[in-house]
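As structure tokens, the structure follows; a few thoughts come after it.
What follows draws every value from the coordinates through simple rules; no lab data is involved. Here the structure is a predicted model, which is why all the values come from computation and not from measurement. Note that we place each Cβ from the backbone using ideal geometry, even for glycine, and neighbour counts take in every protein chain shown.
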Amino acid sequence: MAVESARGRLWGYGCIVASALLFGVAGTAAKMMFVAAMPPLVMIAVRAMVSAAVLAVIMLALGRPIRARRVDLPFLGELAVWLTLVN
């Protein structure tokens, strides 16, 4: 049980570090695209493609797809709408 707890804790720390690194890189990449006079729609498309690629890598690393329960689908749908409106 202690091994599973340590592995889970290590995975969590890894996710935190990866999140911080991606957050920092995203700002730098956006600034570079903005300076290069890239249209906003292209910047959004690039961000969506990179996000999908990172999610695919995470799913491959886990060895199983990320599944949502049927009960959670309305919440995820509302979240998608709000995130679309914010972006």
- Taking the alpha-carbon centre of each part, the distance from region 71-87 to region 1-46 in Å is 21
- Task: Please check the chain for the longest run free of trypsin sites (Lys or Arg not before Pro) that are loop-located per DSSP (anything but H, G, I, E, B) and have at most 12 other Cβ atoms within 10 Å.
- Result: 1-66
- Charges only on Cβ, +1 for Lys and Arg, -1 for Asp and Glu: so what's the dipole of the chain about the Cα centre, in debye to the nearest 20? 160
- Task: Could you point to the residue in GLY24, ILE44, VAL71 farthest towards the positive end of the chain's charge dipole, with +1 and -1 charges on the Cβ of Lys/Arg and Asp/Glu respectively?
- Result: VAL71
